[in-house]
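To keep things clear, I will list the structure first and then write my remarks on it.
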């Protein structure tokens, strides 16, 4: 366990050492970008540190509706609702969805969209897909709610949902795109840009705004009717709104976000080239590289840490889960950072 007194960027300071940091998220690096921090400071000067009223009080802040409209458009949904965290947005979505049918959870679904403590299916994702198609098609419309993450950042997996076209009954699909939104798809639309459009499927997309956009907030997007209904639940009416300065900074940073998205793509392409010949798995546009730990080798994490390189390795999302060894590339990294990681990985796996 390493401790730090400063927020990591492309580097992190720990035990008096400055180490390269290939962990965490904030994929676009906005939390350490001077222009984004300036917009955030400007937002604080304009709006203060919080909006001191419920979203349903008799005084409203139009900034929130402006951001919700922009997020709905980005996610190709009719409407959207903001929350103060990604976890809260997930909980709001699933507690609304449970009233729409029986929840059919995918293996490994993140706790943010758990309804209490579900018994998640164990085993192969493809087998779950086949079983889900059969179950939905054998029952009346609107009997089930399909629940899944779009991306598993621990294994580096991006799930495809083309199979939803095989459904013959109406169904609600709840998808958590926290690790796809902002970095995958055209203009950061997320992995849901590839979800099939069908008259039988309606979507409820929930996502954290922290992973790509460095904002402590979350959003749920979907049909106008579903979002209007969610805005009548206690998860919305009884919760503190997103910090308005964050909404302001995000709305002001469209060009910067596009620039950072492009930088991340360039870094990813360079990293993919550098990792040729080194044992790893990596999927599409996801900037996550997973490395094996061989029994006849010393700890990869310790080997790199001894050389001032920190990668991700910890049990997640539950304490008893096996840790995965991952290097997470962000828009903040420069060529020398990735070359240094390549050098040490070559030495380790040689």
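Quick look at the values:
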{"quantity": "Percent antiparallel among DSSP beta bridges (both partners in the chain, rounded to 5)", "calculated": "55"}
{"quantity": "FRET efficiency, 1/(1 + (r/R0)^6) with R0 45 Å, evaluated for residue 56 and residue 119 via beta carbons", "calculated": "0.80"}
{"quantity": "Segment 1-156: antiparallel DSSP beta bridges as a percent of all, rounded to 5", "calculated": "50"}
{"quantity": "Cα gyration tensor shape for segment 55-98, rounded if a/c is under 1.5, else prolate or oblate", "calculated": "oblate"}
{"quantity": "Option label - Cα extents along the principal axes in Å computed here, alternatives (1) 72, 65, 35; (2) 67, 44, 36; (3) 57, 54, 33", "calculated": "(3)"}
{"quantity": "Extension gain from residue 262 to residue 3, taking 0.36 nm per residue of separation minus the Cα-Cα distance", "calculated": "90.1 nm"}
{"quantity": "Per-bin percent of Cα-Cα distances, segment 51-242 [10 Å]", "calculated": "9, 39, 36, 13, 2, 0"}
{"quantity": "Estimated FRET transfer efficiency when R0 is 51 angstrom, pair residue 66-residue 303 (beta carbons, to 0.05)", "calculated": "0.55"}
{"quantity": "Fewest-first ranking of 192, 74, using other Cβ atoms within 10 Å as the exposure measure", "calculated": "74, 192"}
{"quantity": "Footprinting exposure proxy for 151, 290 (fewest neighbouring C-beta atoms within 10 Å first)", "calculated": "290, 151"}
{"quantity": "Estimated inter-spin distance, residue 334 and residue 95, nm [label 7 Å along Cα→Cβ]", "calculated": "4.7"}
{"quantity": "Computed label-point distance, nm, for sites residue 229 and residue 76 using a 7 Å Cα→Cβ extension", "calculated": "2.4"}
{"quantity": "Stretch gain in nm, segment residue 42-residue 316, where the contour uses 0.36 nm per residue and the Cα spacing is subtracted", "calculated": "95.1 nm"}
{"quantity": "Percentage relative contact order, segment 51-242, counting C-alpha pairs under 8 Å, at least six apart", "calculated": "30"}
{"quantity": "Proportion of all alpha-carbon pairs of segment 209-258 beyond 17 Å (%)", "calculated": "47"}
{"quantity": "Extension gain, residue 200 back to residue 138 (0.36 nm per residue minus Cα-Cα distance, nm)", "calculated": "20.9 nm"}
{"quantity": "The chain: relative contact order as a whole-number percent, Cα under 8 Å and 6+ apart", "calculated": "25"}
{"quantity": "Inter-part distance where segment 138-215 and segment 80-99 are each reduced to a Cα centre, Å", "calculated": "14"}
{"quantity": "All-pairs alpha carbon distance profile, segment 210-346, 5 Å steps from 0, percent", "calculated": "2, 7, 14, 15, 15, 13, 12, 10, 6, 5, 2, 0"}
{"quantity": "Average Cα contact separation per residue, segment 76-128, under 8 Å, 6 or more apart, as relative contact order %", "calculated": "33"}
{"quantity": "R0 of 35 Å, Cβ-Cβ distance residue 295-residue 13: FRET efficiency to nearest 0.05", "calculated": "0.60"}
{"quantity": "CD proxy at 222 nm, helix term only [per DSSP H run n ≥ 4: -39500 (n - 2.57); per residue of the chain; nearest 500]", "calculated": "-10000 deg cm²/dmol"}
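Taken together, the values in this text are just the output of simple stated rules run on the coordinates, not laboratory data. As the structure is a computational prediction, the values presented were derived from the model and not from experiment. Positions of Cβ are generated from backbone atoms using ideal geometry, with glycine treated the same way; all protein chains shown enter the neighbour counts.
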